[in-house]
Amino acid sequence: MTDYTNITREASQYVESLFEESKPLNLFFHNLRHTQTVVERSEEIGLFYKLPEKDMMLLLVAAWFHDTGYLFVEHAIHEEKSVDLMLDFIKPFQLPGDLVNEIEGCILSTRIPRNPNGMLQEIICDADTYHFGTTEFQQTNVQIFKELQHQKRCELTQLAFDETAMDMLKHHHFYTRYCRDLLNPGKKTNMKKLKKKIKNDDYNEETDHDEEFLITEKDGTTKGMQTMLRLTSSNHIQLSEMADSKANILISVNAIIISVILSVLLRKLQTDPYLTIPTIVFLTFSVVTIVISILATRPKLNTGTFVEEDIVNKKTNLLFFGNFHKMSLENYEKAMKMMMKDSDYLYSSIVQDIYHLGVVLGKKYRLIRLAYNVFMIGIIVSVIAFALAALFNTEPPPVTIINGNSGGSPF
């Protein structure tokens, strides 16, 4: 059985090594970061359409390789070179010819003019131009112009280049419904800003250089922020799982103790009443430990609804299920699209999610610590109580009655 996940992982490592070995100095846009972004967005769209594992592999391998040709050949034939590199990479995996042809088709579909054929080609084309509908467009536009200038592929001024970009935006359209719904409003906003810039002739060479520096710094910062938030959230989730596991251990152990006390020790009290107090002490501590452990793991739900004003005013966190579990899919999807178009709202929601995870974790670990302390003290006190009860027991052992007479003689 073909391991599609492994092929995707190997493709990522192979392409990253190509960029690392080449170390291109004049690829300000078509670099490894752009490739990684296209891969991420291809996966995002593919997950939305619930692509099967095989199709997802084809899409992501094509996304990894689609711009590798820039490392070796001129712009005009870079797609063909990208296909050659992909074919060399994929050969050892011995994939059927039709699957290899699909990957090749996806790579070639990113050529201008684009004419994608099928879902996979539409997705990679939309992923490649995803930035047209986001706030990143202004940055990427500057990066592309700088790349063209350094490669001497463009003798246009920034103004003329922006006019060309404006014309491209007018004729561009997203192919998947997901991207049309999500990105068309942002693309219209970008077109308005670019049109205003062209109309006002708002160009300053020194400002452009400063902007480029800020762009580079912001890209690095954004990537670092994303890594930090992802790791922090993952660590909180792991700690929460550990807390639940500890609580379950306490509940299981004390449940066994209580069942033993109720089934065995209570009958023993009829013949050994001096064990009554130690038994009650032991039983009490076990019950208290179970109650505290249950409180530590007991889930808490919010109302599960929100209104449109909450989204507009950024007052609800859509990343926490407790805020939307009673909402319809249509309303939730609409709200999520609004949030994804607002980077400040998105990052704020992630930070809120991490904060609330931390608050819940603090409560869990306080209660679990208390439960372990109660359990430890209960064991110590109970053992001491049983020992003292046995030590100070002065009652004579029960007399055995044989044939209705006491004593050792049957007569």
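If you scan the stretch 117-136, which residues turn out to be surrounded by fewer than 19 Cβ atoms within 10 Å (Cβ to Cβ) and either hydroxyl-bearing (S, T, Y) or part of a loop (DSSP other than H, G, I, E, B) (or both)? Even if it seems obvious, please write down each step before you answer.
The initial filter retains those residues of the stretch 117-136 that are surrounded by fewer than 19 Cβ atoms within 10 Å (Cβ to Cβ), namely 117-119, 135.
Correct list: N117, G118, T135.
Which residue, of L329, L275, is in the same structural domain as I258 (by TED's automatic domain parsing) and either touching a helix residue (DSSP H, G or I) at 6+ places or on another chain (Cβ under 9 Å) or of a type in the set (V, I, T) (or both)?
L275
Enumerate the pairs (first residue in the stretch 26-51 and in contact (Cβ under 8 Å) with a residue 12 or more places away in the chain; second residue anywhere and assigned to a loop (DSSP other than H, G, I, E, B) and of a type in the set (D, E)) with beta-carbon separation below 6 Å, excluding pairs fewer than 6 apart on the same chain, so at least 6 apart or on different chains.
Pairs found: H30/D67; T35/D67.
Can you tell me which residue within the stretch 137-179, out of those that are modelled with pLDDT of 90 or more and not in a helix (DSSP H, G or I), is farthest from D201 (Cα to Cα)?
If we take residues in the stretch 137-179 being modelled with pLDDT of 90 or more and not in a helix (DSSP H, G or I), then T176 is farthest from D201 (Cα to Cα).
Report yes if I112 is of a type in the set (V, I, T), more than 30 Å from Q149 (Cα to Cα) and outside the structural domain of F145 (by TED's automatic domain parsing), otherwise no.
So I112 does not fit the description; no.
Looking only at helices (runs of 4 or more DSSP H) that fall completely inside the stretch 241-360, which ones have 3 or more residues that are small (G, A, S)? Walk me through how you get there before you give the answer.
On the way: elements: 276-297, 308-312, 329-340.
So the answer is 276-297.
The values are calculated or read from the model by the stated rules, or taken from the named source; none is laboratory data. Just so it is clear, the structure is predicted and the values come from calculations on it, not from any experiment. As a convention, Cβ positions derive from the backbone with ideal geometry for all residues, glycine included, and neighbour counts pool all protein chains shown.
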